[in-house]
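The values are calculated or read from the model by the stated rules, or taken from the named source; none is laboratory data. This structure is a prediction, so every number in the text was calculated from the model and none was measured. Here the Cβ positions follow ideal geometry from the backbone for every residue, glycine too, while neighbour counts run over all protein chains shown. When the accessible area is computed, the model is the full protein with side chains, heavy atoms only, and any ligands, DNA or RNA have been set aside. Shrake-Rupley method; radii C 1.70, N 1.55, O 1.52, S 1.80 Å.
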Amino acid sequence: MPTPTTSPSHSVISHLGPAVGMLAVLTLLTGVVYPLAITAIARIAFPSASRGSLVMEGDKATMSRVIGQPFNDPKYFWGRPSATTPSPYDAESSGGSNLGPTNPDLHTRIAARIAALRAVDPGNTAAIPVDLVTASASGLDPHISPAAAAYQLARVARVRGLSEERVRELVRVSSEGRDLGVLGEPRVNVGLLNLALDRVK
């Protein structure tokens, strides 16, 4: 019977060395080099988006263009309801309510939202746009439809003592069209609109 030229332990070590080396190399490439390279490319190609699309007031970040904020003061335009928990527009728990159209809880939430909108503007008898009473799939949507902005325009102008024409112009400036001219729907960025309103002297 021939004698083995190498022991089993030596064979294991001879295979373990290259495996550990390969693990180290791949860890370095995919865990360090690749993320740093992608981050650098994003910072150069998309400087605003790669930093969270933040809106700066001096040295302070006041909001993000792509994440909504809760507004319930009559002097502000209100955005879509948010179903995130524990707080609205919580980016760490993005998601919708997942309530179907026949779910009684959804009906209760919609009725409460309608009541709140009617309470701050009792003279407005127009139909309330659906996006003002239903949450988006992400719960983070910073936009409302032009119809939702138009529904609130008179109230905001009255509470702030501004002309409707002045507020309508701010709505126009804060509006966005379809992406690439065909994707999505026209929309109004609520946070940017309210920020523009606060800047009006």
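Side notes on the structure shown:
- Among helices (runs of 4 or more DSSP H) entirely within segment 89-182, having at least 2 residues that are farther than 26 Å from Val200 by Cα singles out 104-120.
- Residue, surrounded by the fewest Cβ atoms within 10 Å (Cβ to Cβ), within segment 1-56, restricted to residues that are of a type in the set (S, T, N, Q), at pLDDT below 75 and within 30 Å of Asn189 (Cα to Cα): Ser48
- Looking only at segment 73-104, and only at residues there that are of a type in the set (S, T, N, Q) and modelled with pLDDT under 90, the one that is most open to solvent (accessible area, probe 1.4 Å): Asn98
- Residue within segment 63-72 that is open to solvent by less than 70 Å² (accessible area, probe 1.4 Å) and part of a helix (DSSP H, G or I) present: no
- Across segment 157-177, a minimum of one residue is classified as among the β-branched types (Val, Ile, Thr) and open to solvent by 40 Å² or more (accessible area, probe 1.4 Å).
- Residue match in segment 179-186 (condition: in contact with a helix residue (DSSP H, G or I) (Cβ under 8 Å, 6 or more places away or on another chain), crowded, with 17+ Cβ neighbours inside 10 Å and in contact (Cβ under 8 Å) with a residue 40 or more places away in the chain): no
- Criterion violated by Val173 - all others in (1) within 22 Å of Asp131 (Cα to Cα); (2) in contact (Cβ under 8 Å) with a residue 40 or more places away in the chain satisfied: (2)
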